[in-house]
Amino acid sequence: MIIEPVAAEDDAAFADWFRPFHASELVTWPGEPGWAEDELRVLYRDQSDSDIVIAVARDDDGSAIGCLDVSMPKRESLHVAYMLVAVDPAHWGRGVGRALVEHGEQIARHRGRIKVIGRTDEPLQETESRSSRFARAAGY
């Protein structure tokens with residue numbers, strides 16, 4: 001597996017980034033449409049409030065299997081980085097998420113951020129979701 005940066009302005013690379021994000025969303029929120037690729041592309045291209053670094057994890061054949069977003073505010077909370085990690089459900093449990101978290105932490109540290117904040121999205125009826133267990137296992 002390799003993790004490589006993605007330029008939001010590169011439509012093909014952004015589409016690769018979006019695929020595992022969307023696949024993960026569809027499992028978490030079945031029956032919901034989730035974010036549209038074009039909506040997120042616009043958000044990630046606007047870096048007026050935050051420096052946003054995005055990256056994609058690829059397996060040995062080059063397929064996108066996970067994605068990362070590290071957003072670092074420019075005006076307030078300059079010690080904080082916000083991190084999003086998503087893995088294609090077909091690749092859950094193989095270390096992809098853990099590698100992306102470690103990569104995101106390195107980006108944050110390199111940019112002088114000392115606190116990383118992430119969140120899990122889960123239906124209210126679940127008492128402990130897969131994403132919550134993952135976050136806890138990763139030290140969050």
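The values are calculated or read from the model by the stated rules, or taken from the named source; none is laboratory data. Note that this is a predicted model, so its numbers are computed, not measured. Reconstructed Cβ throughout: ideal geometry from the backbone, glycine too, with neighbour counts over all protein chains shown. Accessible surface areas use protein heavy atoms only, side chains included; no ligands, DNA or RNA. Shrake-Rupley method; radii C 1.70, N 1.55, O 1.52, S 1.80 Å.
A few points about this structure:
- Given their separation in residues at 0.36 nm each and the Cα-Cα distance between them, GLU4 and ALA138 gain 46.1 nm when the chain is fully extended.
- Highest average first, the peptides 70-79, 31-40 ordered by how many other beta carbon atoms sit within 10 Å of their residues are 70-79, 31-40.
- THR28 accessible area, 1.4 Å probe, all protein chains in place, Å² to nearest 10: 40
- Potential extension, ASP49-ASP11 segment - 0.36 nm per residue separation minus Cα distance: 11.5 nm
- From its DSSP helices (H runs of at least four residues, each -39,500 (n - 2.57)), the chain gives a residue-normalised ellipticity at 222 nm of -11000 deg cm²/dmol.
- For GLY34, residues with placed amide H under 5 Å, excluding near neighbours: none
- Three-way shape label, the range 12-64, alpha-carbon gyration tensor, a/c 1.5: oblate
- For the pair ARG98 and SER63, label points projected 7 Å from Cα toward Cβ lie 2.2 nm apart.
- Neighbours of ALA7, meaning other residues whose beta-carbon lies under 13 angstrom from its beta-carbon, give a summed charge of -3 when Lys and Arg score +1 and Asp and Glu score -1.
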